[in-house]
Structures are given as structure tokens and as C-alpha cells.
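Report on the following structure.
A short reminder: the numbers here are calculations on the coordinates, not readings from a lab. Every value quoted in this text rests on a predicted model; they were computed, and no experiment measured them. Virtual Cβ from ideal backbone geometry, glycine too; neighbours counted across all protein chains shown.
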Amino acid sequence: MQERWSSGRLIVLTGPSGVGKGTLLKALMKRHPELYLSISATTRAPRPGEVDGQHYFFLSRAEFQALIEQGELLEWAEFAGNCYGTPRRPVEAAVQEGKWVILEIELEGARQIRHTFPEALRIFVLPPSMHELEHRLRGRGQDSEEAIARRLERARAEINAADEFDVQVVNDDLSVALERIERILFPAADEPAETAIALNEIALNEKVKTP
């Protein structure tokens, strides 16, 4: 395990649906193209503009189940009636090559990573409030009322688990949230990573209020 982590790194980004972790990740990748983004597999149907092999690997339920049985998924979870998982081999190969790999995954998958890759840096993205989270979900225009209700119910449970993560970032202002993540990943020469992570105590005071 230690040899595998001699230079490569695994970074896990988690947060409730609609919190903006995808937007944060896109901005982070744009500013740091040296990062390697892991592509997840899913059984859900592609959304408009999504490309197989670029945004996700879109699989049938049977294909996904076969990967589980063959031990080819690093983690997986079922969410809103669909399965999502991380193919094991591409991630392990990238880490072994010394790359910094980022996974954008759900809470259940992140908990699995905690056991399979305990050295991973796990970041949880919080909304400023449940009201704002609901506003963002409705603004996407992608889900039915029933689906939004399920996502909000799940979000409350996920937020309650935020303390399990190494770093918590409140995504109220995109630029501020992005800067905080950058300070954790790329601390200044005179600011050790341990010091940057300690700054997360400030973020804890901003933790989202749940009704």
C-alpha cells in the first residue's frame, strides 16, 4: 500500500446532489489540468450532451452487476434508483503512475474508499442551507417533484455524515470554495498541508443549518 502511494494520490469529492460539486470540480480541473479525473460507471440514462466514456460509462444493470461480481469496482452505490461505481483498474493504474486522481462520488462510495484507500483525502462539499439546496435542485429543471423530495431527504442524511470527512467546504460562493480546496491540495511553500487542513476548523463554524 505504501509503495502505491509513494507519489500518487487519491482525492475524494463528495456532497449532496445539487450542492455544486460538479461545478467546483470543473473549475478545479480547468485551473489544474494535471489532475486526473476518474470516470464513473452508471446505469442511469445519459442526459442531454453527455457522452459515453467522457462523462460516464453508461451500462445496463446486467453489465454493472457483472462488474460487481468480478470485483472490478473500487466502490459502488445505488442512488435515486440508479447504480454508480468507480472502475478499479484505471484508478489504481493512474495512482501507480504518480498521478493525483479525483473521484466525485456519493457518500456510500466515499465510505467504502475510507476502508479500501485510507490514505485518500476526503472532501465534503456542503450547501449554505437546505433552502438554497432546494433552490438549486429546482433550478436545474431535471427532476420531478418526487425526485426532488427524495434528493432533499437523502441530502439531510448525507450532511449529518459530513464530520466523517477530512475537510468540509461550504459552497456558498464558488470562488471562495474553490480557493479553500486549492489551499488544501496545493498549500503555499511556507504553509504545510497539515496547516492548511487545520484551517478547516474555520469552515466547521459555517456548517449548513438543517431544519
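Model label sites at Glu132 and Ala66, defined 7 Å from Cα along the beta-carbon direction, differ in position by 4.5 nm. When only Cα pairs below 8 angstrom with a gap of at least 6 residues are kept, the chain shows a relative contact order of 28 percent. Of all DSSP-defined beta bridges confined to the chain, some 30% are antiparallel rather than parallel. For region 177-185, the Karplus equation 6.51 cos²θ - 1.76 cosθ + 1.60, evaluated at θ = phi - 60°, returns couplings of 4, 5, 4, 5, 5, 4, 5, 6, 7 Hz by residue, with Gly and Pro reported as x. Working note: 222 nm ellipticity from helices only, DSSP H runs with n ≥ 4, each -39,500 (n - 2.57), summed and divided by the residues of the chain, gives -12500 deg cm²/dmol to the nearest 500. Across the chain, the longest piece that holds none of the trypsin sites (Lys or Arg not before Pro) lying in DSSP loops with up to 15 other C-beta atoms within 10 Å covers 45-206.
How high is the relative contact order of region 1-87, given as a whole-number percent (alpha carbon pairs under 8 Å, six or more residues apart)? Worked out over region 1-87, it gives 24 percent. Positive end of the dipole of the chain (Cβ unit charges, origin at the Cα centre): among Trp76, Val51, Gly20, the Cα lying farthest that way belongs to Val51. Given the options Pro118, Pro127, Pro33, state which has the largest fluctuation in a GNM of the chain using a 10 Å cut-off (strictly under) for Cα springs. Sorting by GNM fluctuation, first place goes to Pro33. Couplings for region 122-133, taken from phi via the Karplus curve 6.51 cos²θ - 1.76 cosθ + 1.60 with θ = phi - 60°, read 10, 10, 10, 9, 9, x, x, 6, 5, 4, 5, 4 Hz in order; Gly and Pro are left as x.
In this structure the amide hydrogen of Cys83, modeled in the peptide plane, comes within under 5 Å of the amide hydrogens of Thr43, Arg44, none closer than 5 places in sequence on its chain. Around the amide H of Leu37, modelled in the peptide plane, lie the amide H atoms of Ile102, all under 5 Å away and 5 or more residues distant in sequence or on another chain. Sparse packing (at most 10 other Cβ atoms within 10 Å of the Cβ) combined with a DSSP loop state is found for the following GluC sites (Glu not before Pro) in region 1-70: Glu3, Glu34.
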